[in-house]
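Asks: I am attaching a structure below and will ask some questions about it afterwards.
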Amino acid sequence: LSEVEPPSEVQVDVGEDGKKKHCCPVCGRNCFKASALQKHLRVHSGERPFQCPTCRKSFTQQVHMTEHLRIHTGEKPYTCTDCGKSFTFSSALRRHQRLHTNVRPYQCAVCQKTFKQQSSLKSHQLTHTSVRYQCPICSKSFSRALDSSVCPQGGIRRTGVLLHGGRGQGQPVGGVRGNNSSLVSELPPF
């Protein structure tokens, strides 16, 4: 810890509840355990002592490396009790479980429409921008170049599926980039 005081020299305060708080000398964050402060200080020092033996990616905490290892092993220990789908991370399971409820915690600041997933909100927010893309084959316009997926005349392909006629409709084609992926970068906004 080059620029950070070692944990033994940090300020220890006693909170209103009578419990000790170990204060980070860099940002002032309070930790209730000296060991938690020691882990936190790695954020400031850049120390990443835990390294994945497979890909050499490094982590500040061992638990993060352990979770990362599941990517290589294929382990998916978190299972949805509603549909049986399994996930590598508990956060992914929690995000997925919202699909089975009516909870819609993400709201568009422009039109107040709500969404179950943050990614859906981000995608929706593009509809409020003035930038539009036009399919060079059929002239239909879209808020994102990749949304112009494909027109029946062979326009743009996204995720290897013909989608332009309606989400999920059409027949699978080629690989992930499709045959006309170069058209995506050439689409002019109008």
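Asks: Can you confirm whether L121 is within 30 Å of P25 (Cβ to Cβ), surrounded by 15 or more Cβ atoms within 10 Å (Cβ to Cβ), in contact (Cβ under 8 Å) with a residue 12 or more places away in the chain and of a type in the set (A, V, I, L, M)?
Replies: For L121, the condition - within 30 Å of P25 (Cβ to Cβ), surrounded by 15 or more Cβ atoms within 10 Å (Cβ to Cβ), in contact (Cβ under 8 Å) with a residue 12 or more places away in the chain and of a type in the set (A, V, I, L, M) - is not met.
Asks: Give the range 49-73 a look and list any residue that's under 26 Å from L93 (Cβ atoms) and among the basic types (K, R), or say none.
Replies: Result: K57, R70.
Laboratory data are not the source of any read-out in this text; all were calculated from the coordinates shown. Since this is a predicted model, take the numbers as computed values, not measurements. Quick reminder, even Gly has a Cβ in these numbers, built from the backbone with ideal geometry, and neighbours come from all protein chains shown.
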